[in-house]
Amino acid sequence: MQNPLPEECFKRECKSILHFAFRMLHSPELHLWRIDLAAAAANLDALGQTLSPDERARAGRLIAPLARARFVAGRGALRAALARYVGEEAAALRFRYGPTGKPRLDGPRGDLISFNLAHSHDLALLAVSSRARVGVDVELVGDADHAAIAAGFFAPDERHALAALPPAQRREAFYRCWVCKEAFVKARGDGLSLALDRFAVSVTPGVPAALQRVDGDPDEVGRWQLIELAPAEGFVAALCVERPATGEATPTPRLVLRPSSCASYEERV
């Protein structure tokens with residue numbers, strides 16, 4: 001049975017990220033960074049200086065100070081991490097955006113890596129891949145009206161599977177299903193163009209995370225791998241990565257904890 005990657009996987013001995021960044025760019029590896037936005041906020045001024053004018057403008061439009069601080073911390077940490085992979089200053093990075101708003105690095109090295117950032121409260125996850133599209137999502141398990149949300153957005157088979165669970169299991173199962181669906185949509189880069197009820201993922205606790213069907217495109221099921229994560233107490237998360245073409249090696253997840261120096265990695269066992 002596939003178990004969620006536990007929080008302990010993020011707590012191994014740290015080593016330099018530079019060697020493994022080089023390795024990732026020359027082999028099919030996948031890195032996952034966990035970012036403490038509250039800790040990053042201690043360096044908010046420095047992180048803010050690395051943002052582009054449009055990013056600073058976006059931050060300025062956020063009225064709530066906490067939301068603004070989390071945005072600056074998240075974008076600044078994203079730049080700091082990506083700068084390590086491409087050998088540039090964080091402030092020098094430029095992004096281009098797809099039709100649905102998914103960012104990629106601009107410039108000659110922009111096609112070397114695919115990345116995706118997600119955050120919930122003070123926790124952010126950054127997935128970086130060298131050869132495959134990738135998506136990640138994280139949520140704090142809270143008090144959302146899961147029955148109403150599932151009724152409005154989940155596929156019929158997901159709703160039925162959720163309703164069949166004991167009441168005590170439904171809330172966490174809902175959040176697990178939600179992050180898997182969001183990670184898949186983000187990996188594809190479809191944004192809102194792919195309705196959440198047009199595809200289904202596994203819902204039942206103990207069943208490995210998996211894409212079960214996509215309306216109108218049965219080949220999609222074999223094209224993507226879902227991985228459940230348990231990045232911190234009270235949070236659920238999921239990673240979606242594009243499977244390699246026939247004959248290529250499967251990316252190896254390497255879980256990375258980003259400290260304030262942005263210079264360490266942690267390897268999954």
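When the test is whether a residue is modelled with pLDDT under 90 and under 13 Å from Leu78 (Cα atoms), Pro108 does not pass it.
The combined condition, being more than 27 Å from Glu89 (Cα to Cα) and either surrounded by fewer than 15 Cβ atoms within 10 Å (Cβ to Cβ) or within 21 Å of the chain's Cα centre (by Cα) (or both), is not fulfilled by Phe115.
Would you check if there is a residue in the range 108-118 being of a type outside the set (Val, Ile, Thr), in contact (Cβ under 8 Å) with a residue 60 or more places away in the chain and more than 21 Å from Arg223 (Cα to Cα)? Let's see the steps before the verdict.
Kept after step one, since they are of a type outside the set (Val, Ile, Thr), are these residues of the range 108-118: 108-112, 114-118.
Those left that are additionally in contact (Cβ under 8 Å) with a residue 60 or more places away in the chain: 112, 116, 118.
Next, only the ones that are more than 21 Å from Arg223 (Cα to Cα) stay: 118.
The answer is yes, given that some residue of the range 108-118 is of a type outside the set (Val, Ile, Thr), in contact (Cβ under 8 Å) with a residue 60 or more places away in the chain and more than 21 Å from Arg223 (Cα to Cα).
The lone criterion from (1) within 20 Å of Ala38 (Cβ to Cβ); (2) in contact with a Cys (Cβ under 8 Å, 6 or more places away or on another chain) left unmet by Leu66 is number (2). For the range 136-160, filtered to residues that are under 10 Å from Phe174 (Cα atoms) and touching a residue at least 40 places away in the same chain (Cβ under 8 Å), the residue that is surrounded by the most Cβ atoms within 10 Å (Cβ to Cβ) is Glu158.
Name the residue, out of Leu82, Leu25, that is closer than 18 Å to Ser114 by Cβ and modelled with pLDDT under 85.
Details: Leu82 fails: modelled with pLDDT under 85.
Criteria check complete, one pass: Leu25.
Inspection of the range 242-249 finds a residue satisfying the criterion of being at pLDDT 85 or above and under 30 Å from Ala90 (Cβ atoms).
Of all residues in the range 161-178, those satisfying the criterion of being buried (at least 17 other Cβ atoms within 10 Å of the Cβ), in contact with a strand residue (DSSP E or B) (Cβ under 9 Å, 6 or more places away or on another chain) and under 15 Å from Asp143 (Cα atoms) are Tyr175, Arg176, Trp178.
Among the residues of the range 127-171, those identified as assigned to a strand (DSSP E or B), closer than 24 Å to Val214 by Cβ and either out of contact with any Gly (no Cβ under 9 Å at 6 or more places or on another chain) or basic (Lys, Arg) (or both) are Ser129, Val134, Val136, Asp137, Val138, Glu139.
A quick yes/no check of all residues on (1) among the small types (Gly, Ala, Ser); (2) in contact (Cβ under 8 Å) with a residue 24 or more places away in the chain; (3) more than 20 Å from Phe174 (Cβ to Cβ); (4) surrounded by fewer than 23 Cβ atoms within 10 Å (Cβ to Cβ):
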position: Val201; (1), (2), (3), (4): no, yes, no, no
position: Thr204; (1), (2), (3), (4): no, yes, no, yes
position: Gln212; (1), (2), (3), (4): no, yes, no, yes
position: Asp217; (1), (2), (3), (4): no, no, yes, yes
position: Val221; (1), (2), (3), (4): no, no, yes, yes
position: Leu229; (1), (2), (3), (4): no, yes, no, no
position: Gly234; (1), (2), (3), (4): yes, yes, no, yes
position: Ala237; (1), (2), (3), (4): yes, yes, no, no
position: Cys240; (1), (2), (3), (4): no, yes, no, no
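Among the residues of the range 26-50, the ones that are over 19 Å from Asp122 (Cβ atoms), out of contact with any Ser or Thr (no Cβ under 6 Å at 6 or more places or on another chain) and either buried (at least 19 other Cβ atoms within 10 Å of the Cβ) or free of Cβ contacts under 8 Å to residues at least 12 places away in the same chain (or both) come to 2 in all.
The values are calculated or read from the model by the stated rules, or taken from the named source; none is laboratory data. All values reported here derive from a predicted model rather than from experimental measurement. Please note: Cβ atoms are built from the backbone with ideal geometry, for glycine as well, and neighbour counts cover all protein chains shown.
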